[in-house]
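Take a look at the structure below.
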Amino acid sequence: RAAALAGVVAALGLPAGAARGDDGDPSHGRVDGDLTLVVGAGAVVAGGGPRAEGELRLRYLETAGLFASYEDGPLVSSRADPGRVLAAGLELRPLFLYRWLKGHETQRAWVDLAIDSLGLELGAAWIQPAGTALASQAAVQAGLGLEVPLLGEASGPWLGFHGGARWSEAALATGTAPTADDREAFLAITLAWHQVVVAHVVDVGDEAPR
């Protein structure tokens, strides 16, 4: 853990004392590795009806990453419209490294982890309106995310809240939404497992001393 902590600080060109805290690990396990893998499942609440949801996320230094999700309406409601949604994009969580390296963490794991989980999401979605094929309609998706650790550690179960809106190509082109499928707000509530792993992305290119 100490080696990973020092590696992150060195990679960012900051002084060795930049990360500090009374509990010996102000990162609460987030720099035990350089990548975080997230696998989750839950439900989406939306104007067109509820949908079951599954998601995958990959984050670098708990700050930037990729996400992909799949929503399936027929699993929970035959009247859900759109019935299915695929989404993928980028995620940015700017608070963690700034607060941690500046020593602004509260030393209360649940509080720090929840605050630092605030993130921006931007991507694309492929929608299946009623009576059409999967991914028959493209859309832009933007949203915010907040996650709460159930055990107060970076690796383990988390409860996630990811909300936002989607706009179809027609809605973006005309500024209006002819149907509910062209503009939809949503809130995804998920239970996910987060696992911090060492992928040596931070120290890639380093050579062992001879």
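The values are calculated or read from the model by the stated rules, or taken from the named source; none is laboratory data. What you are looking at is a predicted structure, and each value in this text was computed from that prediction instead of being measured. Reconstructed Cβ throughout: ideal geometry from the backbone, glycine too, with neighbour counts over all protein chains shown. Protein only, heavy atoms only, side chains kept; ligands, DNA and RNA dropped before computing areas. Shrake-Rupley method; radii C 1.70, N 1.55, O 1.52, S 1.80 Å.
Data table
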| read-out | value |
| --- | --- |
| Members of the stretch 61-79 that are part of a strand (DSSP E or B) and within 19 Å of the chain's Cα centre (by Cα) | Ala64, Gly65, Leu66, Phe67, Ala68, Ser69, Tyr70, Glu71 |
| For Trp110: the one exception among (1) in a helix (DSSP H, G or I); (2) touching a helix residue (DSSP H, G or I) at 6+ places or on another chain (Cβ under 9 Å) | (2) |
| Search result, residues across the stretch 47-60 that are part of a strand (DSSP E or B) and either more than 14 Å from the chain's Cα centre (by Cα) or crowded, with 20+ Cβ neighbours inside 10 Å (or both) | Arg51, Ala52, Glu53, Glu55, Arg57, Arg59 |
| Residue match in the stretch 114-123 (condition: under 26 Å from Trp193 (Cβ atoms), in a strand (DSSP E or B), open to solvent by less than 10 Å² (accessible area, probe 1.4 Å) and without any contact (Cβ under 8 Å) to a residue 40 or more places away in the chain) | yes |
| Residue match in the stretch 56-74 (condition: among the hydroxyl-bearing types (Ser, Thr, Tyr), out of contact with any Phe, Trp or Tyr (no Cβ under 9 Å at 6 or more places or on another chain), within 30 Å of Ala125 (Cβ to Cβ) and at pLDDT below 80) | no |
| Matching residues in the stretch 168-206 - criterion: being at pLDDT below 90 and under 21 Å from Thr63 (Cα atoms) | Ala199, His200, Val201, Val202, Asp203, Val204 |
| Answer residue from the stretch 132-163, given it is touching a residue at least 40 places away in the same chain (Cβ under 8 Å) and open to solvent by 20 Å² or more (accessible area, probe 1.4 Å) and is nearest to the chain's Cα centre (by Cα) among those | Ser155 |
| Residue identified as farther than 25 Å from Arg183 by Cβ, of a type in the set (Ser, Thr, Tyr) and open to solvent by less than 20 Å² (accessible area, probe 1.4 Å) among Thr63, Thr36, Thr106 | Thr36 |
| Some residue of the stretch 74-90 being within 21 Å of Ala41 (Cα to Cα), surrounded by 14 or more Cβ atoms within 10 Å (Cβ to Cβ) and of a type in the set (D, E, K, R) | yes |
